[in-house]
Each structure stands twice: as C-alpha cells, then as structure tokens.
Number of protein chains: 2
Amino acid sequence: MSLKIAIAQVNFIVGDIGFNTNKIIESACYARDQLAADLVVFSELSITGYPPEDLLLRPDFIARAKLAVDEIALATLGIDVLVGLPELADEGLFNSAFLLRNGGVLVRYRKNALPNYGVFDEKRYFIEGDGCSLVSVNGINIAITICEDVWQAGILAKNKAAGAQLVVTLNASPFHAAKIHQREAVVVAQAKALQLPLVYVNQVGGQDELVFDGASFVVDAAGEVVFRAEEFKEQISLIDFDGYHPVKGQCAPLYSPIASEYQALVLGIRDYVLKNGFQGVILGLSGGIDSALVLALAVDALGASKVDVVLMPSRYTQSMSNEDALEEAKLLGVKHHIVPIESVVVAFNTLLAEVLDDGVGGVTEENIQARCRGVILMAMSNKQGKLLLTTGNKSEMSVGYATLYGDMAGGFAPIKDVPKLLVYQLARYRNSLTAVIPDRVLTRPPSAELAPDQRDDDSLPPYDILDPILERYVEQDQSAAEIIAAGYAPEYVYRAIQLVDRTEYKRRQSPPGIKISPRAYGRDRRYPITTGYKGV
Amino acid sequence: MSLKIAIAQVNFIVGDIGFNTNKIIESACYARDQLAADLVVFSELSITGYPPEDLLLRPDFIARAKLAVDEIALATLGIDVLVGLPELADEGLFNSAFLLRNGGVLVRYRKNALPNYGVFDEKRYFIEGDGCSLVSVNGINIAITICEDVWQAGILAKNKAAGAQLVVTLNASPFHAAKIHQREAVVVAQAKALQLPLVYVNQVGGQDELVFDGASFVVDAAGEVVFRAEEFKEQISLIDFDGYHPVKGQCAPLYSPIASEYQALVLGIRDYVLKNGFQGVILGLSGGIDSALVLALAVDALGASKVDVVLMPSRYTQSMSNEDALEEAKLLGVKHHIVPIESVVVAFNTLLAEVLDDGVGGVTEENIQARCRGVILMAMSNKQGKLLLTTGNKSEMSVGYATLYGDMAGGFAPIKDVPKLLVYQLARYRNSLTAVIPDRVLTRPPSAELAPDQRDDDSLPPYDILDPILERYVEQDQSAAEIIAAGYAPEYVYRAIQLVDRTEYKRRQSPPGIKISPRAYGRDRRYPITTGYKGV
C-alpha cells in the first residue's frame, strides 16, 4: 500500500479567481502527469487567495468561487485535488476545503477554529464548522484540517479518534520573525503526542502588509520533520508514503533569522509591485541608512532596471550624503536623478512669510522641506507610472519622527515594520553578500538633515535604548512601570510612550508596509486616534 | 411599589478612565441627589468609552478599569449604579455590566452576543457570556443586557423565562442614516412579543469615525415608546415606573433624516477637535460646494472664532469662485487668508521640467497644484496648532477624484461619507436655517479648477447617475450585472466600478471621516489593495 501526495506551495493573487483557478489546474495536472501523485494539496482559500477581506461579503464573489470548483474538478480528472474556498451554505459562510475526485466534490471540510486576532478577522466572515472530514485515498484515512485547527490540540485528537491515519492541513500562515520555528514546534508536538503524521501546506507570496513564507513541511508520527519546501518560493513537491508513514525526503535548510527577514522584505516588495501592475519603483535617496536599505531591497526584488532613485539635496544636506547616495546608486547600477529643492523651498517660505505672523521656522520649515521632496517624488511617480517607495522605519513610525505627505509620501513602505537597529543589521547582512552600502552610511550618526547639524538623537532617545522600549510598549503591551522595572530610564520611557500615543493619526495615513514583527502597524494594531489613554 | 430609573446618556472619552470615572460618579450623584433615582444606568463599556479597540489588549488598561469599579462603588452609596467595563476572568475577557450597590459589586452580567461585523470587532477582544443576570431593585426583577443582545430574540426570551419583569440594556450603538428607526423597531417588536418593558441607554458623542447619537428610549410592555432622550446631546433623565410599567414621559421629537445627518456631522467634528485638544480648525475654501458645506459644519460645531479659511487661487480659479468663497467667509464670520499658489506651482514646474522628459503636464500638473495647496495648509496648520479639515466627499473618495497629499491632506475628513448629491441636500438644509452658502455655489457645475474650463463631469459620470451606482456597489455589494439590470447604462457602471476598485490605495491613506451611511470607508469596509478582483 503506497500513497503519493503533492504539496502545491504556490503564489495566488487575492480576488483573482480566474488566475488562481488556472494556477490550481496547471499545478494539479503537473502533479498528476509529472509527479504521478494521487493527491495534490493546495493552501487555505486557494481559489480566492488569502486574505480576501471584505470581498467575502460580495455575493458575486462567492458565486464566482463556487463556479471555479466545477471548472477545477472537470479539468483535473485522474488526481484527487484538495482546494480551499469560501462555501456558502444555509447556515452561513464557511472557510472550507473540498476534496475533488472524478469531476466532482467528494468530501467537504469546514474549518473549526477561526482566528480573529492580530491580522486575522475570520469571525467577521465565517461561522465555525464542527465536524471531522476524512477521506480515503489509496486506502489511507486522511483527515482534512485548515490552519488554526492544528494550533488547537482538541481538533487533531478528535480526528484521530475518528480514525485518521494522516492529517493534511491547508494553511495561509503569514511570516514574522521566527514564526516558522513556532509553527513547526506546534505541529511537531501534536504529531508526536497523537502519533499522527501531518502534511502542512502553506501559501507563498506577498499580499499588502503580509508575506506568506511557504516553507510547507511534513512531520512523521514520531514528530520528525521529514520534508520541508523552500521558504519564499513557489514549489510543487512530491511526498512518498509507506502506508501512511511519510518517507524521508528533502528538507530545505532554514534561512538565518536576519536572512529570512531580508527575504520576506524582498518578496513583499516584489509582489506588491508586480501584482499591482507597476512599471517599477522610484525612491528618494538621502545618503542615510534607511533609503540605502530600501534601495538594496528594491533592486534585489525587481532588478536594477526597474528602480530609479532621486537625490534631492537642500542647503542642509552634507556633501558626504550626496557622495554616499551617488555611490549606492552606482554600486547597484540604478538610474539616478538630482533635483535640488532650494528653489521650491524658498518659494514656499517667501509665500508663507506673508501669511504667517512670525514667518516660517522650526518644525514648520522642516516639514516644508520634506513635503517639497514629497511633491517632487509624486510628480515623477505620476509621470512615469512607477510606485513611490517610502523609506521610513518602524522606530520613526512609532514616535512620529517623519513628515506626513513629506517623507511619508508613497504607495508602499517596505521597512515600516523594521526598527532602526534592525535596519542596520539588515544593511550589514546585505553587505555581507556583496558590498552595496558604503561603510560611512553604516557608521555616521543618523540625521534627517532638515536643519543645521541635526541628529536624530537631538530629539529622540538613542536607538539602542529607544528600540527595546518601543518593542516592549508596542509589541508586548507592557506598561511604563514594567519597562522602567526592566531597567530603562524613566525619562526615556515616558518620552517614547508619549510619542507613540500621539502619533496614531500619522500612522493612520501611512502607506502599507510589510509585517515582519509579531505586531506590525496596520491591520495588526488597531488603536483609536481620539483617546485619553496615556501609557504613562 | 414604585421604581425610579435614571438614564445617563453621556459623552465619554475613549481610554480616559479617570475622566469617565469622574463623569460616572458625578452623574450618579446627580441622579441620586437631584432626581431621587433608585438606579442609574450608563452605556456600554462606560468606564472605558466605546470602542476602546486594541487598548483592550493592554493588561495595564484592563487593570485600571477594574480599579475604577471600586472607586465608583464607594463614591455612589445610596443609589444602584449600572456601569459597563471589560472584565478579566479566568476564562478570558468579557464585555460586562456591573450593578454596584452599597459600595460593592452586587451582580455581574457578561454580554452574550458579540457583534463582529461592520465597524465592530468584539470577537477580537471578548468571549461570549452565556447566562442571564437579574437584579431586584425595589422588588422589581430587572434583567441586564448589553447592546447586540437585544437584537437577538432568544436572549430576551431567556431573560423573560428567568423571571425578568423589566429589561435594561447598555448600548454603544453608532449613528447612520435612519438607524434610530431600525433600532427602535427592533426593540419595540421584542418588547411587544414578550410583553416586557425595556430601558435602552445609548452612548452619545463622536469617536474617530463614529458618532453615537444618544436618543436613549423606553418602551412599555405594549411596545409603545414612552420616553425618548434627545439625539446628539448629553442628558440625564428620570423614568418613573408604576410597578414595572414605565410611566409615559417626554419623547424628544426625532430630527428629520437630513437634519440628523447634519447634526451627526456637527457632533463628529466637535468631538474630534475638542477631544484631541486642537485650538481650532483650518480649511481651504475653493468656492465649491464641498468646502462651503464643511465650513458651515465647522462653524456650527466650534463657533466662528475657532475656524480659519484659506483661499488659494491659481490661474485656473474663476473669479466667481473667489467671490463666493469670500462671501461664505463673510456670512459665517470667519477669518480668511488669501495665498495665491502661482509662485510655488511655477517653481515646481520649472524644477521638474529639467528631469521629466516631456515636462510637467496633464494629471501630473493638476496634482502639483493640489499638493502645493496641501503644503500651504499643512504649514499653516503646523504653525497655528489648528487641525486641517479635508473637504472631499464620498463620491470623490469612491472614484479617486482627489489628490493624495493634495486636497486629501488633513487630519479629519468630515464629509468623507457624504455622497455629492447629499452634499447639496445638506447645504440646502443648512441654508434653510440661515443663508450661509451663496446660491451660485449650489447651482454652478462642480469643478476641481485644476485645468482650463474643467468640470467634474468631463471625467466622471454625472453625479445623479454616479451616486446611486456607487451606493449599490459599495454599500449594497451589488454586482455590475445587478446594477445594469436596475437600469443604469453599462458604460457608466463599468467606469464607476473600475474607478472604485482602483482607488483603494488612496482611501487607505485618507484621514478618518464621520460614518453616516450604512457602510462608510475605513474600519467599516476592509478591502485589499492588491487584488485581481474586478467588479466588472
């Protein structure tokens, strides 16, 4: 008795049911014809892509997904196909998986456990299923489960009791740092406890704020990982079974933590740009570390020919900033433009001096510079059909050290979830592959260069203190008292928290960025703007 | 046997537990000392304000809310107080109501039905309670329920079966057009069916995108509304009972639909500005209908002394636009500034001509004008500490007829959920009170005035066709086929839907605005940016 299961780790486009249907059919036929698989398993909600968000409220969308089932079933005769889709029933909408055989639906499974935390809103759309769904393939009893189901011990045990010899699970599990270890540990523990082998199929690809990292895997009944697909890549792989015991296969090595974060950012940029049909990207290059990193990421994601950079020096820009920016453009082989902002800044200052009682100055003047750069970049983006990338990092996004409609302007913010210290680490990591960022950019003190001799630490705590405070407050929900008790100086803690609390209005208007931390800004952290809550 | 219940329809500040606690204590003491009430009932989650969103994930916040219970109980001896708060128990977090008597908690109720649709995310935070909680006050058995509970027939029936003679319900039910009729109809039907009188206490006030309209009411066992508090105002009212039968009292008349929408916008602006501590507001006045309406709303919300307007004419601005804008400023008595944008637009066009192959032009040039205005308004906002109001309407927000970082710049977008046709109706309504918007503004064809002789209907379907198409597509989730079947020309339907689908990226960066429709943009409509879904 033998069994061959193909894992289809593929990159869907959310909402594009025609594209996804074709991809499922092609992949299934490949698994049947080239791999001789008995069963091919796709990821969660494969027909719609994940997460479809409020498209799930549209009756036409749900009806279209249903039609795709017949199309797939009829086009994949000769192989069992397990796909995910929203299923409208009398009771309501379910997050379902259908096992297709002989041109029709043989077994339906309705997801039991619906995540409704973090970036997930599944209870907004779906009602919970409550049964097991087993299907016999080559005489093996296979239980079907979906994502969150396998994080809850009771559900796998219920399937074991119902006679499951093997579990397959359809997933859309987004990346964050070290998530893969957490994910494998959960599944390994359950497989071991229940002595139940498990095939875990994950989506791969970028979708707005999320990156799905793939890294599908198989665990045997002893809890050993016997197969792992590559991270961040499409891959259709065949798993051989001896009875219901998976035969040991290829385990793709895991990236180091820093490499996986870098790859997640690259994939997130690539898919946002390509899936949204942009010709390429444009970004402002300041000579600072943030834009240097975003440039490297963009080139790695899209190739140098798709990336333009713009230097926009002002009277406060040091010559080494221009030199370093030019060097970065040269090292990565991208086209650069130089647009000095002096003339437009002077025009605004002159104009506004007439209406502002004591003239422009201070933060207002700094913001005008940043906004003039925003206007220039958006004009170039408009004219060339290129997406403007915003280069702000998570530390800035946290404390509001950024100008709305200025340096915050842009369609996508790749490093929005990357704290400043991690920006440096990622830059060093990238340089360890090939040197693309000049050393001086890594060593000089960071500055916004909006005023003479300005440095970030003039108005912010040093980043090696600020970043851990922010992580505790924003990602771990610690109070000021807890952070101080952990050894941070009260004045820094109070200052940082106060800035985070006050900055929600800016974050609400910031472009989406790629989640790489356990809690990113965006769908993942939903705070009121109007609030009397003060962390301190 | 008699009973006196005070309804405390008050305006809380989300997250400001100190403020809310004081307000609860003051209101309860007033109900005890001035009204001789036996029981005072507050709205849902009164201690934290509603909705606290992800503040509910913070342990320090939940602990602080718990402390407030003791503080309130000890400060309100001599009257029963029913307040709402998040309650952390072994099982998890509940959306609870506590009945306080004699300095302690007498009865706890845990909300059974948790809304997780539209603007609501309660299953993100809370787990469902499943029991009834009755309390005897002056010998009357009173059942405690919370908001969504009374929209589900089973829950009131369960309370009736448990011996309830009277139901009180703590609510945070946000406004949208005609919602009050829906709300009262639901409660009336249930009261009548179960022959159970019901006291409905609603929050009042603006909170980011939401306005809570108050209009608390009492229904007797025959299903008659025997008391109604005013809409959009704080009010503490006493209801007399004969046994458990409410005695007929004052029923505040309901506003007309248009008047209620106007009042919702006024309250939404006022609370956003005041609760966020702004000195006042500033807005660009173009001579068009949108900014004219926003100006009138802002003055009605804050008073003329808190409102500044800025005229920013360009070479494309018609003289009648300036005349009308000046007339509006004069009629409403607000301070105006005139800042012609020619010099800064020329400076940008000159600068950009050097880097753009065929120079600035077309939409790029239009956007530059809009963004120059954005820079000017933000500089004035920065310098004066005044909130910039954005004047775009829902029709524009739907189809993307607006410039990111240009006319979309601002901290708050009061008419973001008001379609263009309703903008005209609201303007006429306001003029029916006192004439503040010149007739010509109401009758001339709308234009963005970013190019010579430009009119909105050069690039958009006429608003009397566009607006109903948008309502069907955005608010009712109808497909193109359904909208065409309803009699709309295919070319208009396809064009409108395509524009809506493409504009999500702009909406994601737009400031919050006030929800007045059944489905607003923002928390209420969560669409992916990256999507292959096409409504057509």
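The values are calculated or read from the model by the stated rules, or taken from the named source; none is laboratory data. Computed from a prediction, not measured in an experiment: that's the story for all the values here. Ideal geometry is used to build each Cβ from the backbone, glycine not excepted, and the neighbour counts take in all protein chains shown. In case anyone asks, the SASA skips ligands and DNA or RNA and just uses the protein heavy atoms, side chains included. Shrake-Rupley method; radii C 1.70, N 1.55, O 1.52, S 1.80 Å.
For region B:432-487, what is the convex hull (Cα atoms) projected area averaged across all directions, in square nanometres? If I average the Cα hull's projected area over directions, I get 6.1 nm².
With a sphere of radius 9 Å drawn around the Cβ of A:PRO528, what net charge do the other residues whose Cβ falls strictly inside it have (Lys, Arg +1; Asp, Glu -1)? Write down the numbers at each step before the final one.
Numbers: positive: A:ARG526; negative: A:GLU504, B:GLU53, B:ASP54, B:ASP208.
The answer is -3.
Solvent-accessible area lost on pairing B with A (1.4 Å probe, both sides summed) amounts to about 7000 Å². Spin-label model, A:ALA161/B:LYS248: points 7 Å from Cα along the beta carbon direction are separated by 6.0 nm. Looking at chain A only, what percent of DSSP beta bridges run antiparallel? Nearest 5 please. Within chain A, antiparallel bridges account for around 60 percent of the total. For the residues of A:470-478, the average number of beta carbons from a partner chain within 10 Å of their own beta carbon is 1. Helix B:420-433 and the longest principal axis of the Cα set of chain B meet at an angle near 70°. Between copies, the label points of A:ARG502, set 7 Å from Cα on the Cα→Cβ line, lie 4.0 nm apart, reported in increasing order to one decimal in nanometres.
Spatially, region B:223-277 and region A:493-528 are offset by 35 Å when compared through their Cα centroids. Heavy atoms only, probe 1.4 Å: what % of the accessible area of the protein assembly as shown goes to carbon and sulfur, would you let me know? Solvent-exposed carbon and sulfur of the protein assembly as shown make up 52 percent of the total.
Determine one quarter of the surface area of the Cα convex hull of chain A, which equals its mean projected area, and express it in nm² to one decimal.
Values: hull surface 107.7 nm².
Projected area, direction-averaged: 26.9 nm².
Which value, in Å² and to the nearest 10, is the accessible area of B:GLU328 when all protein chains are kept and the probe is 1.4 Å? Solvent-accessible area, nearest 10 Å²: 0 Å². Roughly what % antiparallel, to the nearest 5, for the DSSP beta bridges in the protein assembly as shown? If we restrict to bridges inside the protein assembly as shown, about 60 percent are antiparallel. Label point of A:ALA435 (7 Å along Cα→beta-carbon): distances to the other copies' equivalent points are 7.7 nm, sorted ascending. Spin-label model, A:TYR316/B:THR350: points 7 Å from Cα along the beta carbon direction are separated by 2.4 nm.
By average Cβ neighbour count within 10 Å, what is the ranking of A:399-406, B:493-500 from highest down?
On the way: A:399-406: 22.8, B:493-500: 20.9.
So the peptides A:399-406, B:493-500, ranked by packing, come out A:399-406, B:493-500.
Binning all Cα-Cα separations of region B:269-324 at 10 Å, short to long from zero, yields these whole-percent fractions: 23, 48, 22, 7. Debye-formula intensities of region A:260-455, expressed as log10 I(q)/I(0) at q = 0.09, 0.15 Å⁻¹, are -0.31, -0.87 (one equal scatterer per alpha-carbon, no solvent).
Taking K and R as +1 and D and E as -1, what net charge do the other residues with C-beta under 11 Å from the C-beta of A:LEU3 add up to?
Values: positive: A:LYS4; negative: A:ASP38, A:ASP80, A:ASP240, A:ASP242.
Summing Lys/Arg as +1 and Asp/Glu as -1 gives -3.
Taking a ≥ b ≥ c as the square roots of the eigenvalues of the Cα gyration tensor, region B:2-255 is rounded, since a/c falls below 1.5.
Here region A:203-352 has an Rg and Dmax of 22.2, 81 Å, counting Cα atoms alone. Counting Cβ atoms of other protein chains within 10 Å of each Cβ in A:55-61 and taking the mean gives 5.
Distance from the alpha carbon centroid of region A:38-65 to that of region B:161-198 works out to 37 angstrom. Could you work out the percent of alpha carbon pairs in region A:118-224 separated by over 20 Å, rounded to a whole number? Of all Cα-Cα distances in region A:118-224, 40 percent exceed 20 Å.
Helix B:59-75 and the long axis of chain B differ in direction by around 50°, with both axes built from C-alpha atoms. Summarising the amide proton neighbourhood of B:LEU311: residues at separation of 5 or more, or on other chains, whose placed amide H is nearer than 5 Å comprise B:LEU285, B:HIS337, B:ILE338, B:VAL339. Dividing the summed -39500 (n - 2.57) terms of all DSSP H runs of n ≥ 4 by the residue count of chain A sets its mean residue ellipticity at 222 nm at -12000 deg cm²/dmol. Taking the longest Cα principal axis of chain A as reference, the axis of helix A:257-275 is set at about 90 degrees.
Of the cross-linked pairs A:LYS179/A:LYS335; B:LYS179/B:LYS420; A:LYS23/A:LYS506; B:LYS275/B:LYS534, which ones have a Cα-Cα span greater than 32 Å in the structure shown? Before the final figure, lay out each step's value.
Details: A:LYS179/A:LYS335 37 Å; B:LYS179/B:LYS420 21 Å; A:LYS23/A:LYS506 39 Å; B:LYS275/B:LYS534 40 Å.
Over 32 Å apart, Cα to Cα: A:LYS179/A:LYS335; A:LYS23/A:LYS506; B:LYS275/B:LYS534.
Using the Kirkwood radius over C-alpha pairs as Rh, can you work out the diffusion coefficient of the protein assembly as shown via Stokes-Einstein at 20 °C, viscosity 1.002 mPa s, in µm² per second? Intermediate values should be presented prior to the final figure.
Numbers: Rh = 30.9 Å.
The diffusion coefficient I find is 69 µm²/s.
Inter-chain Cβ neighbour count for B:502-514, averaged per residue, equals 3 (cutoff 10 Å, partner chain atoms only).
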